[in-house]
Amino acid sequence: MANSPTTNVFFSLRVPPGLVDALVDLQGTCSDRVEPQERDHIHITLGFMHDADAGRLADAAALLSGRAWPTPAITLTGEVRHGSWKLSKDPAYRYDEDVIQRQEQVRLGVEHNPELAEIQTEITRGLGIEEDGFWPHVTLGLAREDFPTAEVKGMTLPSVKEPAPSVDLQQEMSVTDFRVLVRRELGRPA
């Protein structure tokens, strides 16, 4: 029997429009150093499913479509981190806390409130997804060059606080490109 095709997918919380607008404005202030995350792709990752086959995709879609979750308010915490899952697979890569290296993601922390925790926990437990050290964040973009971490930590971050509009199941097309497979609007009955 031939192996069935698989794909990498992830669950994400869509960032509210007012915060997206503020993040796009922030991206404009550092676009010489950070290649901006595309406006339509700004999200909070809740859990990954690597190499999902048709059965796992059907389970994921059913979980997302059949549940009504609380609507979390999304706000930034002011914490900034950087790193790269892709680069970390390269044996030559060495993380440096003080330097954001070329092609690392610049990540802005999001408040981990009870509503957000409930959604993330139900998805990961319901589908047996391993997510060690969940830290909710939005990715500002990829570093175009090496530069001091202090430059990002010194930026004035948006203070917008709005409700998240939806939970999405997205297919990973590349490191920076995604496609929505299923969207579950928040604040509406299942």
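The values are calculated or read from the model by the stated rules, or taken from the named source; none is laboratory data. This one's a predicted model, so the numbers in the text were calculated from it and none came from an experiment. Please note: Cβ atoms are built from the backbone with ideal geometry, for glycine as well, and neighbour counts cover all protein chains shown. Only protein heavy atoms, including side chains, enter the accessible area calculation; ligands, DNA and RNA are left aside. Shrake-Rupley method; radii C 1.70, N 1.55, O 1.52, S 1.80 Å.
The table that follows gives values for the structure above.
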read-out: Failed item, numbered, when Ile129 is tested on (1) closer than 15 Å to Phe11 by Cβ; (2) in a loop (DSSP other than H, G, I, E, B); (3) in contact with a Leu (Cβ under 6 Å, 6 or more places away or on another chain); value: (3)
read-out: His41 vs. criteria closer than 17 Å to Arg107 by Cα, within 17 Å of the chain's Cα centre (by Cα) and not hydrophobic (A, V, I, L, M, F, W, C); value: yes
read-out: Filtered residue count, the stretch 21-39, keeping only those that are under 18 Å from Ile74 (Cβ atoms) and of a type in the set (Val, Ile, Thr); value: 1
read-out: Selection count, the stretch 107-158, where residues are closer than 22 Å to Ala68 by Cα and of a type in the set (Ser, Thr, Tyr); value: 2
read-out: Members of the stretch 109-127 that are farther than 19 Å from Gly78 by Cα, open to solvent by 60 Å² or more (accessible area, probe 1.4 Å) and without any contact (Cβ under 8 Å) to a residue 40 or more places away in the chain; value: Arg125
read-out: Residue that is open to solvent by 30 Å² or more (accessible area, probe 1.4 Å) and over 16 Å from the mean Cα position of the chain (by Cα), where the choices are Glu130, Glu172, Glu145; value: Glu145
read-out: Which numbered condition Val9 misses (of (1) within 20 Å of Lys153 (Cβ to Cβ); (2) modelled with pLDDT of 90 or more); value: (1)
read-out: Pairs with Cβ under 6 Å, 6+ apart, first in the stretch 139-160 and closer than 22 Å to Ser174 by Cβ, second in a loop (DSSP other than H, G, I, E, B); value: Thr139/Gln37; Gly141/Gln37; Leu142/Gln103; Ala143/Arg102; Ala143/Glu104; Arg144/Arg33; Glu145/Arg102
read-out: Any hit, the stretch 48-63, residues being more than 15 Å from the chain's Cα centre (by Cα) and of a type in the set (Lys, Arg); value: yes
